[in-house]
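The values are calculated or read from the model by the stated rules, or taken from the named source; none is laboratory data. This structure is a prediction, so every number in the text was calculated from the model and none was measured. Quick reminder, even Gly has a Cβ in these numbers, built from the backbone with ideal geometry, and neighbours come from all protein chains shown. SASA here: full protein model, heavy atoms, side chains in, ligands and nucleic acids out. Shrake-Rupley method; radii C 1.70, N 1.55, O 1.52, S 1.80 Å.
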Amino acid sequence: MRLVSTLTEKIREALVSVLPVMAIVLLLHLTIAPMQEGQLPQFVVGGALLTLGLAVFLVGADIGMVPFGQKVGSALTRRRSLRLMLPSAFAIGFAITIAEPDVQVLATQVHGVNPAIRKTPLLLMIAAGVGIFLLIGITRIVFRLSLRWLLTGFYLLVFLACLMVEPIFVGVAFDSGGATTGPITVPFIMAIGIGVASAMRKEQDDDSSFGLVGLASIGPIAAVAFMGMIASGTIGGTEFSPTIVDAAAPLALFARIFPHIVQEIGMALLPLLAFFFLFQVTLLRLPARQMRRLVIGLVYVFVGLVLFMTGVNGGFSLAGQSLGMALGALGNGIPLIPVGLVLGAVVVCAEPAVWILTEQVENVSGGYIRRPIMLIALSISIALAVALGMIRVITGISIWWMLVPGYFLSLALTWFCPRLFTAIAFDSGGVASGPMSATFILSLTLGASAAVGGNPATDAFGMIAMIAMAPLITIQILGVAVKIAEKKRKENP
């Protein structure tokens, strides 16, 4: 009965994320941007599968993965052995990233645009990057290293590395950093960070409990940039072409792709399953009841991911491409800008994780920053980020003109903002770039780029990065505001 109640609550959360986007798409379909014939039923069925899959997946994560992450983090720290802790951190980061649905979607999109970039090697590189930087993040907690120095140093190195790769890898690299911090990676990594910080007996309001996700998201950027260096000169041109829908049998695609997705997700989850049982045998030795709960959670994760990816590949992303092409063909693509503004504002308000984040910021700010203020600030910043991404699609300007000023401001703010707000800001970079960004907005951007005659490989990728960058700036500005307000209060008690 309790499981049914939890599933119902997760379905409600998923619907809040998906329905606003579906409503906007249906409105555009009925007015200025009709989809292909037969694509509307595909879109509706895909949205239903995506919603159900995301809900089932989140139930599985809550049942098994998050509690297990906390136990692993605490157990590793109690052993007080870096030789055990660091390789374990790498293994955990690698395994959970392979299973991350947003990363799976991004890798599929990249391969679809440029088949020379294979999906499996890209997934492995992203996962390795997360593993390495999760290891660095735990080292930071143990030795109490400065987060702002680590962020500044690593982002400078990442930008230098991206200067040496082909343009397609720049957008993909930064998109990988945003997509990695998805619904499976964030709760698991945060659980490990809290577990390690608790075992080290640090105060929970200290920034040691935060910042681990922010550091982990740098890893994929560095790893994809390294992949770009290795592949220099071997990557061909863009081969993006939208999928043609069979109007006579629009739902047949779901049946065709389902067996392949089952096999793909099963293979992706095998490393995660293996690591869980390895930690159980060697480190945790949980009672049988808790292990049964973990196994049930993994089953839910598997079923949820299969439904999620079937909905994405069978209808949702295809509708995004079709809508993007229709909008891109109107008025030199100008309608893309107001549509981007609306989608950006809706997506951030619809993400359940954003509501959790706003409550967290209200608590740590001592009530100075109310949830409505936070929501308005995030909504405006992400709406502008998506609109700027659409302007980049229309004009073809380099992503460097967006990333360099944005990250320069983000890193500069770390030196004026309270440490806790900096840690939360970089952790929350992936909060807004959730399932809707990877599955729909990026697909829409790819279609729009093709329609306006641009290069989807260089003009579309980077949209997730733009969305992920907005909270870095917004939350730290609010943190500076809290710092100024507290200073005034002390001066004028």
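Data table
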{"read-out": "Rounded to whole Hz, the Karplus (6.51, -1.76, 1.60) HN-Hα couplings of segment 35-44, x for glycine and proline", "value": "7, 4, 4, x, 7, 4, x, 4, 5, 5"}
{"read-out": "Compactness index (Cα Rg / 2.2 N^0.38 Å), segment 105-145", "value": "1.62"}
{"read-out": "Cα-only radius of gyration and Dmax that characterise segment 1-116, units Å", "value": "19.8, 62"}
{"read-out": "Accessible area per residue, Å², the chain with all protein chains present, probe 1.4 Å", "value": "39 Å²"}
{"read-out": "Eligible lysines near residue 71 by straight Cα distance, threshold 29 Å, same-chain separation 8 or greater", "value": "10, 202"}
{"read-out": "For segment 400-468: Kirkwood Rh in Å [reciprocal of mean 1/r, alpha carbons]", "value": "13.5 Å"}
{"read-out": "Calculated Rg and Dmax of segment 80-119 using C-alpha coordinates, Å", "value": "14.8, 46"}
{"read-out": "Size of charge dipole - the chain - debye, nearest 20, with Cβ of Lys, Arg +1 and Asp, Glu -1, no other charges", "value": "1740 debye"}
{"read-out": "Solution diffusion estimate, µm²/s, Stokes-Einstein, segment 370-422, Kirkwood Rh from C-alpha pairs, 25 °C, viscosity 0.890 mPa s", "value": "190 µm²/s"}
{"read-out": "FRET E, pair residue 373, residue 415, Förster distance 30 Å, beta-carbon r, rounded to 0.05", "value": "0.80"}
{"read-out": "Per-residue HN-Hα couplings for segment 388-404 [Karplus 6.51, -1.76, 1.60; θ = phi - 60°; Hz; x = Gly/Pro]", "value": "5, x, 5, 4, 5, 5, 5, 8, x, 5, 5, 5, 4, 5, 9, 6, 4"}
{"read-out": "Farthest toward positive dipole pole in the chain [+1 Lys/Arg, -1 Asp/Glu at C-beta], among 395, 407, 216", "value": "216"}
{"read-out": "Accessible carbon and sulfur surface of the chain relative to its total accessible area, %, 1.4 Å", "value": "68 percent"}
{"read-out": "The chain pair-distance distribution - Cα-Cα, 20 Å bins, rounded %", "value": "25, 59, 16, 0"}
{"read-out": "Whole-number percent relative contact order across the chain, with pairs defined as alpha carbons under 8 Å at least 6 apart", "value": "26 percent"}
{"read-out": "Loop sites in segment 1-102: trypsin sites (Lys or Arg not before Pro), DSSP, at most 16 other Cβ within 10 Å", "value": "79, 80"}
{"read-out": "FRET E, pair residue 166, residue 62, Förster distance 35 Å, beta-carbon r, rounded to 0.05", "value": "0.30"}
{"read-out": "For segment 246-331, Kirkwood radius (reciprocal of mean inverse C-alpha pair distance, Å)", "value": "15.8 Å"}
{"read-out": "Longest segment of the chain lacking chymotrypsin sites (Phe, Trp or Tyr not before Pro) that sit in a DSSP loop with at most 13 other Cβ atoms within 10 Å", "value": "1-414"}
{"read-out": "R0 of 22 Å, Cβ-Cβ distance residue 149-residue 486: FRET efficiency to nearest 0.05", "value": "0.40"}
{"read-out": "Exposed GluC sites (Glu not before Pro) absent - longest run of the chain, DSSP non-H/G/I/E/B, at most 16 other C-beta within 10 Å", "value": "240-493"}
{"read-out": "Karplus 3J(HN,Hα) series, Hz, for segment 327-339 with 6.51 cos²θ - 1.76 cosθ + 1.60 (x for Gly, Pro)", "value": "5, x, 7, 9, x, 6, x, 4, x, 4, 5, x, 4"}
